[in-house]
Amino acid sequence: MHILLAAAAASLAAATDLTVLSWNVESGRNDPAVISRELTELNTQQGRARYDLICLTEVKSINAERYRRALRVGEADYELLLSSTGNDDRIALLYRRDRFRRIDSGTGNGRPAELTSHAGETFPAGGNRRPCLVKLKDVRNDDLEFLFMGNHLNRGTNRTRQTQARLLREWVKVQTLPVIAAGDYNFDFDFQHLTGNQAMSIFLRDPASEGGRFAWNWVIPDTEVTVVGRGGARHVEIVGELQDTNWYDGDRDGEDDYPDSFLDFVFLGAAARSWDATATVIVRAGDFPDGPKKSDHRPLAAVIAPLPVPLSGSR
């Protein structure tokens, strides 16, 4: 038995971490030159690129290529895939060309795949952003295949956002590949009550009447989460300091209208739910309150450790 276990361990290679950046760059009130400079700074670590996978939301199409060039650091160059929906608030997915190979249909068209429907029900379109994704092969992890998804759910209409959340929950339940999903979900997760809006509950798990099974794992930033107690006495304890991801001052009184909340998330779905991951909200000097040249969101970074993968040729 010990010999068999040793042989099994020897046939596994330690997986290389995946690094992810998700940021709403605020299309309507920013200076693309400032955002580009900040992207370069965010992605630069000792002269090398920090992130393998990047999801940007609220991207104007005229700025997308500029942002791609800003992210080039050292030997790293990125493939840009820009959504077709969202008008001036599009989703941009970027991945390192030296690490990943795109293996879904439509390679080279500059667009990600977009989910138009699931189980006969249509994803909201019009001014809404449809979910976009790309199927990738990771050459540093024994050609591990996975889906990288970007989302930006509806802000103004609860019903539309809840429909998007439900369809994404049902979609991920039938996926056979690991899924990494990032973006601005407008879930209004409140630090005081540790709850989000109804769309967040719908997105994360089945209704209680259907068993309440979770479909997505949330990579909660800057915290350690433990479940304490048993049965009806169980509760979640979060250790760490949560950081606000968004500044919004609709009444112009100089105060954040939604303090201490998350709008931006990284989720793991399907087989990726067994992967280890950590995340952090990137806080920079002077980033809040919002201004006319900056984004009103903070960037969110994640480090994801896929399960060890079999060595080539092993059984």
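The values are calculated or read from the model by the stated rules, or taken from the named source; none is laboratory data. What you see is a predicted model, and the numbers here were worked out from it, not measured in a lab. Please note: Cβ atoms are built from the backbone with ideal geometry, for glycine as well, and neighbour counts cover all protein chains shown.
Restricting the search to strands (runs of 3 or more DSSP E) fully inside the range 109-226 and requiring at least 2 residues that are in contact with a Pro (Cβ under 8 Å, 6 or more places away or on another chain) and at pLDDT 95 or above gives 132-138, 144-152. Note on the range 78-94: residues that are of a type outside the set (Gly, Ala, Ser), over 16 Å from Leu42 (Cβ atoms) and either in contact with a His (Cβ under 8 Å, 6 or more places away or on another chain) or modelled with pLDDT of 95 or more (or both) amount to 8.
Matching residues to (1) closer than 20 Å to Arg90 by Cβ; (2) surrounded by 15 or more Cβ atoms within 10 Å (Cβ to Cβ); (3) in contact with a helix residue (DSSP H, G or I) (Cβ under 8 Å, 6 or more places away or on another chain); (4) at pLDDT below 95:
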| residue | (1), (2), (3), (4) |
| --- | --- |
| Ser36 | yes, yes, yes, no |
| Ala49 | no, yes, yes, no |
| Leu53 | yes, yes, no, no |
| Val59 | yes, yes, yes, no |
| Asn63 | yes, yes, yes, no |
| Tyr67 | yes, yes, yes, no |
| Gly74 | no, no, no, yes |
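At least 3 residues being within 21 Å of Asp296 (Cα to Cα) and hydrophobic (A, V, I, L, M, F, W, C) is the threshold, and among the strands (runs of 3 or more DSSP E) wholly inside the range 23-104 those reaching it are 53-59, 90-96.
Condition check ((1) in contact with a Leu (Cβ under 6 Å, 6 or more places away or on another chain); (2) closer than 21 Å to Arg96 by Cβ) across all residues:
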| site | (1), (2) |
| --- | --- |
| Gly120 | no, no |
| Pro131 | yes, no |
| Leu136 | no, yes |
| Thr160 | no, no |
| Val179 | yes, yes |
| Gly211 | no, no |
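All of Asn186, Asn217 fail the test of being of a type in the set (S, T, N, Q), within 19 Å of the chain's Cα centre (by Cα) and crowded, with 19+ Cβ neighbours inside 10 Å, apart from Asn186. Test Phe100 against the criterion of being buried (at least 18 other Cβ atoms within 10 Å of the Cβ), within 27 Å of Leu307 (Cα to Cα) and in contact (Cβ under 8 Å) with a residue 60 or more places away in the chain, and give yes or no. Here the answer is no, as Phe100 does not meet what is asked. Has the range 146-164 got at least one residue that is more than 14 Å from the chain's Cα centre (by Cα) and hydrophobic (A, V, I, L, M, F, W, C)? No: zero hits. When the residues of the range 248-283 are filtered to those that are under 30 Å from Glu170 (Cα atoms) and part of a loop (DSSP other than H, G, I, E, B), which remaining residue is modelled with the highest pLDDT? Step by step, filter the range 248-283, then rank; the result is Trp275. Ala208 meets each of the listed conditions (1) more than 25 Å from Ala279 (Cα to Cα); (2) aliphatic (A, V, I, L, M); (3) surrounded by 15 or more Cβ atoms within 10 Å (Cβ to Cβ) apart from (3).
Would a scan of the range 116-138 turn up a residue that is touching a residue at least 40 places away in the same chain (Cβ under 8 Å), under 25 Å from Thr40 (Cα atoms) and over 16 Å from the mean Cα position of the chain (by Cα)? Scanning the range 116-138 turns up at least one residue that is touching a residue at least 40 places away in the same chain (Cβ under 8 Å), under 25 Å from Thr40 (Cα atoms) and over 16 Å from the mean Cα position of the chain (by Cα).
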